[in-house]
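See structure below.
The values are calculated or read from the model by the stated rules, or taken from the named source; none is laboratory data. Everything numeric in this text was worked out from a predicted model, so none of it was measured. Cβ: placed from backbone, ideal geometry, glycine included. Neighbour counts: every protein chain shown. The area values use the complete protein model at the heavy-atom level, side chains included, leaving out ligands, DNA and RNA. Shrake-Rupley method; radii C 1.70, N 1.55, O 1.52, S 1.80 Å.
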Amino acid sequence: MTSTEPGSRKRRKKIHDASLASENIAGLPSEPLIHISSYLAAPSRALFAVALALDTETSQENISTAIVGYHWDTLDFGQIEKELAAKLSDEDISGVLHCIDAVNTVTKLRLTNCIKITGACLEPLRGSRVIKEIDLSLVGRHKSPLLDPRPPISSDIVLPILDDIIARCDVAIMIQFPKAWRQLRSNYFYDFLERYNIMWRDHLLEEAICTGCCNDIDHAWVVSWPVVLSGKDCGKVQFTCHGCLTHYCPTCVDAELNEEPNLKFCFGCERSYCLDCSKIDVCNRCDKYYCHGCTSFFKGCFGGGCEENIFCGHCQVKCDVCYQTSCKDCRVVRYSDDCGACLFDCTTCKRTLCVSCVRSPTCDMCDITICGDCNDKEGADGLAYCDDCDKELCIGCRYKDFKKNGSKCTGCYDIITKVFNQATESHPKVECNSGLHFD
């Protein structure tokens, strides 16, 4: 009699149970399935319909149609769990687009968190004349577009599909490109951006009106937007709000808000928002704008005199031990009891530490700062305080100061002698780092 491993039996049981569950669901009447699906988020409802449509029976196909319905405007995979979206393949998303007849129904497509796709899933959108917004950044609103590792979405696969769409569409399409494409700056991408820019000019030349000042946008201004083909802004749609898709000229300001620009670019999520769609905050150090959803990038500074200010992530430094934040203006090299600074760089281990964690001050002569951990290890190269002359010095500076003042300080002599003896005991054939010697 052949024995069966327990793990093998469990695996077969799970497969058997899953098969039974699938058969039981497929065998349910249509009414319960339709009712259950009504509680699901739109993308989950479509995925559920795709699973049922895999059954070859016509009745199941009819149930799938009843589940997804006919009224699709926005398909945003950010409405489902991030972990689920990250597992979806091109085949999964392509099935959803086919199932909901996306080419004729979807006006806004957002592939939020779909980091596994190559972009082949967009093939069902070829020929669409209704699409108005395609978000390929793969991140949610108010999230940094920088993904690590780099997602596999391919410009070689996607751009031919986008070319077909912009050639047929009767409206200007807002496309949010992956950050990786904008960083690579390939000639293939540049060529597409030229065609994309022409699409905007052709569709908006007669219609583009600034929502703020109601002035027409002249031809020369349209040529320079919405895509800038150089620098870090490569592929960025300008002068259009990512929230409501309204247009603002670059000089338009709100007189009621101290002449603030009506449209501001957020350096956190790298999208532009009008004042109606998002409150805008500003970093008090670099003056860069951040939309209200990106204020998680902001931290207060606990350095000298900065407690009331807030700073963006680019202008912050953190203690490597307790993670207390400070602005870069309050990060100093020299420690002082009354300087009010928050963070210091240890000269030895290169860590950035706050006042509480540094545990050791700066040499009064050479301005090096050594943290307490390094000071405990350094021996001859550490810092020490002399009660007699009231000086905190590294051993090199102490010896120089001792000789300069005529070798009269008893406290410094004791410190130097102790350090020298420790160094010679540990390494009898090696002189002290500071070159100390006694007559």
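Being closer than 19 Å to CYS114 by Cβ and open to solvent by 20 Å² or more (accessible area, probe 1.4 Å) is the filter here, so list the residues in segment 177-200 that pass it. Write out each step before concluding.
Just the residues of segment 177-200 that are closer than 19 Å to CYS114 by Cβ, to begin with: 177-182.
Residue satisfying the conditions is LYS179 alone.
Taking PRO151 as meeting all but one of (1) in a loop (DSSP other than H, G, I, E, B); (2) open to solvent by 50 Å² or more (accessible area, probe 1.4 Å); (3) closer than 28 Å to GLY268 by Cα; (4) not aliphatic (A, V, I, L, M), write down the number of the exception.
(2)
Considering each of GLY411, GLY396 in turn, give the residue that is at pLDDT 75 or above and in contact with a Ser or Thr (Cβ under 6 Å, 6 or more places away or on another chain).
Just one listed residue meets the conditions, GLY396.
Test each condition in (1) among the charged types (D, E, K, R); (2) open to solvent by 20 Å² or more (accessible area, probe 1.4 Å); (3) over 28 Å from VAL355 (Cβ atoms); (4) at pLDDT 70 or above for ARG271 and report the one that comes out false.
Against the list (1) among the charged types (D, E, K, R); (2) open to solvent by 20 Å² or more (accessible area, probe 1.4 Å); (3) over 28 Å from VAL355 (Cβ atoms); (4) at pLDDT 70 or above, ARG271 comes up short only on (2).
Just give me the residues in segment 154-176 being assigned to a loop (DSSP other than H, G, I, E, B), open to solvent by 30 Å² or more (accessible area, probe 1.4 Å) and of a type in the set (A, V, I, L, M, F, W, C), in sequence order.
VAL171, the sole residue that qualifies.
From (1) more than 22 Å from PHE265 (Cβ to Cβ); (2) not in a loop (DSSP other than H, G, I, E, B), pick out the condition that doesn't hold for ILE134.
So ILE134 meets the others, but not (1).
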